[in-house]
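Read the structure below first, then the notes.
The values are calculated or read from the model by the stated rules, or taken from the named source; none is laboratory data. Since we're looking at a predicted model, the values are computed, not measured. Backbone-built Cβ (ideal geometry, glycine too); neighbour counts: all protein chains shown. Only protein heavy atoms, including side chains, enter the accessible area calculation; ligands, DNA and RNA are left aside. Shrake-Rupley method; radii C 1.70, N 1.55, O 1.52, S 1.80 Å.
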Amino acid sequence: MSQFKQALHNQSQALELLHDELALKAHLFKADLKAEWEALEAKWSDFKEHLGRAEVAAGDAGRDLDTSSKSLGDSLLAGYTEIKNAFKH
């Protein structure tokens, strides 16, 4: 095999390994994001429920629900931002 053909063959093998590695990482990345999304969906339901309770609650209970809703909202925002940023890469 000529030097050129050998170099081309070596490059092809290196590219195939890199391709396969990146394909696997992309697949795992999608799976990780899906799991994170599903966790955020559960939090989203909780958040909407807390907001509904906060709207009808009064007094100290209402303030407690407002605080927990804010905390849950902050957690959702951080999670959604992380997923959004992951799509940029």
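Cβ-Cβ below 9 Å, separation at least six or inter-chain, first residue in the stretch 1-16 and without any contact (Cβ under 8 Å) to a residue 12 or more places away in the chain, second surrounded by 10 or more Cβ atoms within 10 Å (Cβ to Cβ): which pairs?
Close Cβ pairs (under 9 Å, with a partner that is surrounded by 10 or more Cβ atoms within 10 Å (Cβ to Cβ)) amount to Met1/His9.
Among the residues of the stretch 1-11, count how many are exposed (fewer than 10 other Cβ atoms within 10 Å of the Cβ) and in a helix (DSSP H, G or I).
Residues of the stretch 1-11 exposed (fewer than 10 other Cβ atoms within 10 Å of the Cβ): 1-5.
Pick out the ones that are also in a helix (DSSP H, G or I) and you get 3-5.
Selection size over the stretch 1-11: 3.
Determine whether Glu82 is open to solvent by 70 Å² or more (accessible area, probe 1.4 Å), modelled with pLDDT of 80 or more and part of a helix (DSSP H, G or I).
yes
Return a yes/no flag: does the stretch 46-54 have any residue that is more than 30 Å from Lys25 (Cα to Cα), among the aromatic types (Phe, Trp, Tyr) and at pLDDT 75 or above.
The answer is yes, given that some residue of the stretch 46-54 is more than 30 Å from Lys25 (Cα to Cα), among the aromatic types (Phe, Trp, Tyr) and at pLDDT 75 or above.
Among what's in the stretch 17-58 and is among the aliphatic types (A, V, I, L, M) and in contact (Cβ under 8 Å) with a residue 24 or more places away in the chain, pick the residue that is surrounded by the fewest Cβ atoms within 10 Å (Cβ to Cβ).
Keep residues of the stretch 17-58 that are among the aliphatic types (A, V, I, L, M), which gives 17-18, 22-24, 26, 28, 31, 33, 35, 39-40, 42, 51, 54, 56-58.
So of that shortlist, the ones also in contact (Cβ under 8 Å) with a residue 24 or more places away in the chain come out as 33, 39-40.
Details: Leu33: 14, Ala39: 11, Leu40: 18.
Selected residue: Ala39.
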